[in-house]
Amino acid sequence: MSPRRSTGSRSESLTWRADQLQEAIETGGAELISDAAIAGQRVVAKVRERWALKGGRTVVSLAGATGSGKSTLFNQLVGHTVADISARRPTTSRATAAIWGDEDATDLLNWLGVNQRHHLSADGDQSDLDGLVLIDLPDFDSRELANRVEADRVLERSDVFVWVTDPQKYADARLHEDYLSALKEHETVMMVVLNQIDRVSEEGGVEGIKDDLKALVAADGAGDFTIYGTSARMGLGVSDVRQAIGSVVAERNAAENRLVGDLRTSATSMLSMVGETEIASSDVVSDDLLTALKQAAGVPVVLDAVQRNT
Ligand SMILES: Nc1nc2c(ncn2[C@@H]2O[C@H](COP(=O)(O)OP(=O)(O)OP(=O)(O)O)[C@@H](O)[C@H]2O)c(=O)[nH]1
Ligand SMILES: [Mg+2]
């Protein structure tokens, strides 16, 4: 293995990082045979698959507990009723995609495994969403196992997560412990929405919940977020969410940022494992392994090289 610095474009840097992680997994051999290495292998494979489909599209998924209002918000963003909404819980069992603009999304949607597809023009006042693939997911806390599996499967391959919560469930462990706590490297590809604000009657109640939710998300280690307050049923606050989604889509870098976040998470977790096993630092293989993992994680390695030379 020959450690080298990335000098190319950002896309080369993504695939280069994936190569570093791949090399680390191969170099690490016995030391890394663990769940973390297997997960790392999956991340490397995903990076290569998603990057092969790159194009200019951004996949934004609405995720959350049953009844939080994902489908209602989805329909508001689309501008008419596409997804079923109901008082029956849970309602959505299969992911549905709304696709803005002319760029062919067939291969991407096949890879995402989303078969319910609704195409929209990106002309006129829709032009800000050109390139967007918006997905309405089933509930991630479902009593139906198939719904949870479907939500997790699509989330794994999405570029941007929009966490849709409500005044009753915003502190639920499922959101914070199972998802946000594991997403410490994904701040630029997430949004947090507090829906159903029309149901909060106390004065100052909405601001209080937003503050509380913001603090919980920060405590998860997920980042410092603006909490978007919406009433999807009444159409309140939806334009702000739409604008924020439009900005992410216009940047055209969310796919890359999500994947870099995954590589960093994986490499960092393996780095801590290697640290714990205390492989002798003089060992050439371990040295290469540490360098590869640090490069995949985006940790500077120049200092190590200087130290070695002196
Ligand atoms: N009061 C109020 N009700 C809402 C709001 N958004 C959605 N609802 C209602 O909440 C219920 C659930 O809405 P859905 O959009 O189906 O929720 P969902 O998150 O898609 O639910 P699942 O598909 O089961 O995961 C429906 O009766 C909606 O009319 C809102 O902002 N305010
Ligand atoms: Mg739904």
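The values are calculated or read from the model by the stated rules, or taken from the named source; none is laboratory data. Source: prediction; values computed, not measured. So basically every Cβ, Gly included, is an ideal-geometry build from the backbone, and we count neighbours across all protein chains shown. Keep in mind that these areas ignore ligands, DNA and RNA; they rest on the heavy atoms of the full protein, side chains included. Shrake-Rupley method; radii C 1.70, N 1.55, O 1.52, S 1.80 Å.
Residues that are of a type outside the set (Asp, Glu), open to solvent by less than 40 Å² (accessible area, probe 1.4 Å) and modelled with pLDDT under 95: does the range 96-117 have at least one?
no
Which count do you get for residues in the range 270-297 that are surrounded by fewer than 17 Cβ atoms within 10 Å (Cβ to Cβ) and at pLDDT 80 or above? Residues flagged as surrounded by fewer than 17 Cβ atoms within 10 Å (Cβ to Cβ) and at pLDDT 80 or above within the range 270-297 amount to 1. Residues that are within 15 Å of ligand 1 (Cβ to nearest atom), within 25 Å of residue 212 (Cα to Cα) and not hydrophobic (A, V, I, L, M, F, W, C) do not occur anywhere in the range 115-130.
Here's the yes/no breakdown for (1) away from ligand 1 (no atom under 13 Å from the Cβ); (2) crowded, with 18+ Cβ neighbours inside 10 Å; (3) among the β-branched types (Val, Ile, Thr):
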site: 135; (1), (2), (3): no, yes, yes
site: 142; (1), (2), (3): no, yes, no
site: 152; (1), (2), (3): yes, no, no
site: 155; (1), (2), (3): yes, no, no
site: 174; (1), (2), (3): no, no, no
site: 197; (1), (2), (3): no, yes, yes
site: 202; (1), (2), (3): yes, no, no
site: 215; (1), (2), (3): yes, no, no
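Of all residues in the range 72-95, those that are in contact (Cβ under 8 Å) with a residue 24 or more places away in the chain and more than 11 Å from ligand 2 (Cβ to nearest atom) have Cβ atoms under 7 Å from Cβ atoms of residues that are open to solvent by less than 30 Å² (accessible area, probe 1.4 Å) and in a loop (DSSP other than H, G, I, E, B), 6 or more apart or on another chain, in 76/232. Assessment of the range 235-251 against the conditions (within 29 Å of residue 49 (Cβ to Cβ), in contact (Cβ under 8 Å) with a residue 24 or more places away in the chain, assigned to a helix (DSSP H, G or I) and of a type in the set (S, T, N, Q)) yields no matching residue. When the range 107-137 is filtered for residues that are within 16 Å of ligand 2 (Cβ to nearest atom) and touching a Lys or Arg at 6+ places or on another chain (Cβ under 7 Å), the ones remaining, listed by number, are 116, 136, 137. The residue list 56, 40, 67, 28 contains one member that is assigned to a loop (DSSP other than H, G, I, E, B) and more than 13 Å from ligand 2 (Cβ to nearest atom), which is 56. Considering only residues in the range 43-53 that are open to solvent by less than 10 Å² (accessible area, probe 1.4 Å) and among the aliphatic types (A, V, I, L, M), the one that is farthest from ligand 2 (Cβ to nearest atom) turns out to be 44. Tell me which residues, restricted to the range 182-215, are more than 23 Å from the chain's Cα centre (by Cα) and in contact (Cβ under 8 Å) with a residue 40 or more places away in the chain. The answer is 196, 197, 209. Residue 177 satisfies every condition listed in (1) more than 28 Å from residue 234 (Cα to Cα); (2) within 16 Å of ligand 2 (Cβ to nearest atom) except (2). Counting only residues that are among the aliphatic types (A, V, I, L, M) and assigned to a helix (DSSP H, G or I), the range 74-131 holds 6 of them. Restricting to the range 77-95, and then to whatever is open to solvent by 90 Å² or more (accessible area, probe 1.4 Å) and touching a Ser or Thr at 6+ places or on another chain (Cβ under 8 Å), can you tell me which residue is farthest from residue 55 (Cα to Cα)? Per the criteria, the residue is 85.
Can you confirm whether the range 232-244 contains a residue that is under 28 Å from residue 44 (Cα atoms), more than 16 Å from ligand 2 (Cβ to nearest atom), at pLDDT 95 or above and of a type outside the set (D, E, K, R)?
Checking the range 232-244: not a single residue is under 28 Å from residue 44 (Cα atoms), more than 16 Å from ligand 2 (Cβ to nearest atom), at pLDDT 95 or above and of a type outside the set (D, E, K, R).
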